[in-house]
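The values are calculated or read from the model by the stated rules, or taken from the named source; none is laboratory data. The model shown is predicted, which means the values in this text are computed figures rather than measured ones. Side chains included, ligands, DNA and RNA excluded: accessible areas come from the protein's heavy atoms. Shrake-Rupley method; radii C 1.70, N 1.55, O 1.52, S 1.80 Å.
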Amino acid sequence: ETEFVGEDSFESLGEFQVVLSELASDKSLDRIRVEYEKLIHALKKSRDNEKRLMSKCRELNAEIVSTSTKVAAALKLSQDDETTITSLKRVCPEYQMLV
């Protein structure tokens with residue numbers, strides 16, 4: 001999904017370059033060309049920021065998945081420990097005195 005948006009942006013940048021070269025050929029349009037160059041620069045910067053943010057989102061998502069797996073494993077171990085403790089309390093009355 002995000003790659004498709006990136007491709008559209010790349011095509012738009014190519015279109016911007018075509019328009020920019022047309023503006024450069026007419027000196028009476030210099031002010032417009034300068035503003036247009038600013039727009040192109042802002043678009044490129046925005047696209048780079050979007051790529052960086054998407055990369056960071058993927059990284060954070062992977063970290064969340066990894067952490068949730070670790071939490072699930074820790075919960076399972078905790079439940080197993082509780083089951084073991086309960087079993088020991090039933091089997092060994094002396095164990096209850098220690099706890």
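When C92, C57 are compared by accessible surface with a 1.4 Å probe, the order from highest to lowest is C57, C92.
Computed with every protein chain present, the accessible area of I85 is close to 50 Å² [probe 1.4 Å].
Dimensions of the stretch 12-95 based on its C-alpha atoms, expressed as ranges along the principal axes with the largest first, amount to 98, 17, 8 Å.
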